[in-house]
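The structure under discussion appears below in the form of structure tokens.
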């Protein structure tokens, strides 16, 4: 199994024909950031003892947060990323065990996973008292990260298995609803602290400190428990992956075998193209599922968490980045192998680009609108005029930026991708991680800037920042449109996206 | 149709100085080995890949100067796929009818073609679930749907069952009878000689032979064809 995984990893690395330098830089940057996450908090130790004590109390919640993130990431991607696309692997003996191990290996190529893991390392460094064994604390944290990832993977296979049963999708939705109701009732009922105290993560979260006060036996037992849980989780995941591999792909098959009702005659070319593009999004299992999660989850978190107005301008960036990662970063892959036929139709290329932009805009605007509406309705205070303006400007600027950036990537770096399988992504895992990091960085910085403008009441700065950033995005869109006018550029895009399968 | 056509991909000349002229009311086969430049030539004629240099005209229209008009005059069946995965055949046809400004009677023509190619039962299913042969047949339907003056078919018989081959041949003959131009790229020599009037052999991006299709029939024709390939 390990030899097969190694061969597939090497194969994937060999297929990276461009951006090798970028990949190397990203890996070096990741090592530097990880080292910084461990080393920088060491310098802050002892400066604020009260804060350190508070941070220690946060450990179990942070551990719980990580496992929840890892689980949601694995479930929302229908079992995690694939080392090799299933349709391409049918001719080769790629076993479910290889698929399982590959999905585990690729789990860190997810920005939420990565940020949470780095956050846990930083928190551990901060709370371990000076003079104690940092290595012992970090080992517990690392073990927790591994255990959580393995358990999340096993759980995601189980959910996919459930989904593959007759009426499985409804069963999964029902279970999801029950979990959501339980979480909401715990949070709104004021039982959050009680839940965290009862959480199993408290047992291992506090083990980070066991090595620091000489409780080595307890520390060793906790580490041993995590190792044992990892082994059990791995075997459970392997079993579920094997069982799942024998099940039919019910959701994809249903989508492909149903008869779609015919629509009336489109009155304009734009409407005709728009219908086709919308169908390509909403009939795709991974896109439909991703859009649903993106519409429901951030909104629910915003509603439950009662986001203050100071940080609310960061929300548009989170949602817009997620929406762009559904298909926007490689927007022409929606046409798949039909791209040659589409290119042969007598229609202005600019209209085709504009329609694709509208569909991407819709995909961003819907979840963002829901999230912001819930956040505003549940905000703990009434906003000042400057805060309301900052939020509106943040949403407009981030939407335009993500739209322009995504379309730019779609033209300059297209990928062959078939969004048929529930696990499919519009670009290879490493490229997706790169897109997500760049989008998250830019949108978060923008959101924070608007948050500061709103909090300090500087509407003049908000408007100035909006004008500058909108102008930059507009310039990017204009340049992109000019490039799209060039037949050679379009031909390369079409040639690339039609290479799948 | 093409004069001194060159298409370069990086350092590779996919087509190098091709002169090609196909008359109206004739079906011409474009044959040759893999990489001879057949598909690239059809892509250039369809207006989906630009020529690096040279002149390209379809039905009298300069493809580079007026690509939209040129595309209105061609019907193109690409060599692979050719269908949008999550659109149904009917939606493909409706989009084509709209963008090609077809008259309100288009549904009748659409139903007729779907019926002849035995795709009526699948006309409202998304094409991602189609077999290779079904996809090929549907691609031919889309190319021929608007009865274009120039019909460009790239590997239309690949993986298609005998009934589908018959339907494709009928469409080609109807186009020829109506005075239209048909250009077919294929590896299947016998089918090419059955349905086409002329045959052009491409090698290394250039035309090395042009003859009546009949001359490549039978053992003698096959031997002659093989000799032209090397």
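Taken together, the values in this text are just the output of simple stated rules run on the coordinates, not laboratory data. Just so you know, these numbers come straight off a predicted model, no measurement behind them. A quick note on method: Cβ atoms are made from the backbone with ideal geometry, for glycine too, and the neighbour counts reach across all protein chains shown.
So the values come out like this:
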item	result
Cα-based radius of gyration of the stretch A:258-333 once divided by 2.2 N^0.38 Å, which approximates compact folds	1.44
For the protein assembly as shown, alpha-carbon Rg and Dmax in angstrom	29.6, 96
Inter-site label distance for residue A:22 and residue B:68 at 7 Å from Cα along Cβ, in nm	3.4
Largest to smallest principal axis extent of the C-alpha atoms in the stretch A:54-183, angstrom	56, 39, 19
Mean Cβ count within 10 Å, highest first, over the residues of peptides A:459-467, A:212-220	A:459-467, A:212-220
Computed FRET value (nearest 0.05) for residue B:203 with residue A:170, which takes r as the C-beta separation and R₀ as 45 Å	0.15
Cα gyration tensor category, rounded, prolate or oblate, for the stretch A:63-102 with a/c compared to 1.5	prolate
Residue mean of other protein chain beta carbons inside 10 Å, B:48-54	4
Difference of contour (0.36 nm per residue) and Cα-Cα distance, residue A:267 to residue A:381	36.3 nm
5 Å-binned pair-distance histogram of the stretch A:1-41 (Cα, whole percent)	5, 20, 15, 16, 16, 15, 8, 4
Calculated SAXS-style log₁₀ I(q)/I(0) at q = 0.10 Å⁻¹ - the stretch A:400-501, Debye, Cα scatterers	-0.40
Angle in degrees between helix A:315-326 and the longest Cα principal axis of chain A, rounded to the nearest 10	60
Radius of gyration and Dmax over the Cα atoms of chain B, both given in Å	17.0, 51
Taking the convex hull of Cα positions in the stretch B:1-125, its mean projected area over all directions (nm²)	9.3
When the convex hull of its Cα atoms is projected in every direction, mean area for the stretch B:167-230 (nm²)	4.5
Simple label model, 7 Å out from Cα along Cβ direction - residue B:214 to residue B:158, nm	3.1
For residues of A:490-498, the mean tally of beta carbons on other chains within 10 Å	3
Compactness of the stretch A:36-120, expressed as Rg and Dmax over alpha-carbon positions, Å	18.3, 61
At 0.692 mPa s and 37 °C, Stokes D of the stretch A:289-365 from Kirkwood alpha-carbon radius, µm² per second	226
FRET efficiency, 1/(1 + (r/R0)^6) with R0 41 Å, evaluated for residue A:472 and residue A:499 via beta carbons	0.80
Distribution of pairwise C-alpha distances over the stretch A:418-466, 10 Å bins, in %	23, 30, 20, 19, 9
Reduced Cα scattering model of the stretch A:174-319, Debye log10 I(q)/I(0), q = 0.17 Å⁻¹	-1.21
Isotropically averaged projected area of the stretch A:166-260, using the convex hull of Cα atoms (one quarter of hull area), nm²	9.9
Angle in degrees between helix A:216-245 and the longest Cα principal axis of chain A, rounded to the nearest 10	30
Alpha-carbon spread of the stretch B:109-178, three principal axes, descending order, Å	34, 23, 18
Ratio of Rg to Rh over the stretch B:51-95 (Cα coordinates, Kirkwood Rh, two decimals)	1.09
Shape category assigned to the stretch A:328-474 from the gyration tensor of Cα positions, a/c cut at 1.5	prolate
Value of [θ]222 nm, deg cm²/dmol, for chain B, DSSP H segments ≥ 4, -39500 (n - 2.57) each, nearest 500	-11000 deg cm²/dmol
Per-residue average of Cβ from other chains inside 10 Å of B:37-46	1
Computed [θ] at 222 nm, deg cm²/dmol, chain A (DSSP H ≥ 4; -39,500 (n - 2.57); rounded to nearest 500)	-25500 deg cm²/dmol
Degrees separating the helix A:385-412 axis from the principal Cα axis of chain A, which is the longest one	60
